[in-house]
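What follows is one structure encoded as structure tokens, with my remarks underneath.
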Amino acid sequence: MRMTFLLMMIGIFSVGCANCKNIQDQFDACQKTLTDQDLIIKNKDSTIRQKDQDLKDKDDSIKKLELQIVELNRRLSITSSEKGVNDDRIKNISFLVREYIKDQIRKNKDFLSAVELEDFIGNELIKREYSGEAGLFIIDTANPVPSDGQINGVGGYFLGSTEVVVKLLRPMGKDYIVTESKNLNFDLDKAGKSYIDFDNPLIVKKDDIMAFYFPKSVTVPYDSGFGVSTYSSLKEDKYESGGKIAAEELQATNQVKRKYSLNYYGIFIQK
């Protein structure tokens, strides 16, 4: 009986020892799992700390860049202000230089175009023996343009107000071409010399000829029997700019010569 009880106790003890071993194995497995998880947590925590450090570094870099931008904007503002002042100074200097040059050009033009300094081509502007008629075309063949240059205006001795169409004739082969045609009005209170400057000078060439068309009264006097002006009655102006005049029309025969108190003035390049 005693032997049976002893065997039973040995069996129970043997079973208990086997369970203890299983429990120890499970405990060891849990311990290893916890250790592994702690390692994973440490690794993740290290990664997080590294990323936090990276973010901090980037944030510091951004702050430095923002400070640099502020400084650059400050310098740019100063540079822009200085440039603006410099630009205004340059503009003012340029304006003053241009005004000075314009003033010199005006003075030179006034000096060169002063009637007293210009070349006069044509007849003396004096009172002559004859006058009258109307609708007359006068071609001053006696006084062609002496050389290349410019004609600035015309003059005449006028007995009263009248209209004049001044024309420039240019030889083209055996004919003449009307290259310019200017309408002028001479308004006078009394008889005497009168000059009119053109709005724009006529650029002329050597041997060009001046012509004068009086659609109304010819108030410019003339002397008869000398001079070589060609004249013809012309009720309407048929010689407009671009028109052609045959050479024979400038060389009228059996015509009493006339010398009109007409001339023109300008600057001519004598060669």
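The values are calculated or read from the model by the stated rules, or taken from the named source; none is laboratory data. Bear in mind the structure is a predicted one, so any value in this text is a computation, not a measurement. Methodologically, a virtual Cβ is constructed for each residue, glycine included, from the backbone with ideal geometry; neighbour enumeration extends over all protein chains shown.
Go through (1) at pLDDT 90 or above; (2) not in a loop (DSSP other than H, G, I, E, B) one by one and return the number of the condition residue 207 breaks.
Result: residue 207 passes all but (2).
Return yes when residue 51 is assigned to a helix (DSSP H, G or I) and at pLDDT 75 or above and no when it is not.
no
Checking the structure you have, find out if any residue of region 192-203 is farther than 26 Å from residue 149 by Cα and surrounded by fewer than 18 Cβ atoms within 10 Å (Cβ to Cβ).
Yes, the conditions are met somewhere in region 192-203.
Do we find a residue being assigned to a strand (DSSP E or B), without any contact (Cβ under 8 Å) to a residue 60 or more places away in the chain and out of contact with any His (no Cβ under 9 Å at 6 or more places or on another chain) anywhere in region 234-243?
Looking for residues that are assigned to a strand (DSSP E or B), without any contact (Cβ under 8 Å) to a residue 60 or more places away in the chain and out of contact with any His (no Cβ under 9 Å at 6 or more places or on another chain), one finds none in region 234-243, hence no.
Scan (1) within 38 Å of the chain's Cα centre (by Cα); (2) not in a loop (DSSP other than H, G, I, E, B) for the single condition residue 226 breaks and write down its number.
Condition not satisfied by residue 226: (1).
Consider region 250-269. How many of its residues are in a strand (DSSP E or B) and within 25 Å of residue 150 (Cβ to Cβ)?
8
Within the group 239, 265, 231, 222, which residue is surrounded by 12 or more Cβ atoms within 10 Å (Cβ to Cβ), in contact with a Gly (Cβ under 9 Å, 6 or more places away or on another chain) and of a type outside the set (Asp, Glu)?
265
Would you tally the residues in region 142-189 being in contact with a helix residue (DSSP H, G or I) (Cβ under 7 Å, 6 or more places away or on another chain) and surrounded by fewer than 17 Cβ atoms within 10 Å (Cβ to Cβ)?
2
List every residue pair whose Cβ atoms lie under 6 Å apart, where the two residues are 6 or more positions apart in sequence or sit on different chains, the first residue falls within region 137-150 and is under 22 Å from residue 245 (Cα atoms) and at pLDDT below 90, and the second residue, located anywhere, is among the aliphatic types (A, V, I, L, M) and surrounded by 22 or more Cβ atoms within 10 Å (Cβ to Cβ).
Matching pairs, first to second residue: none at all.
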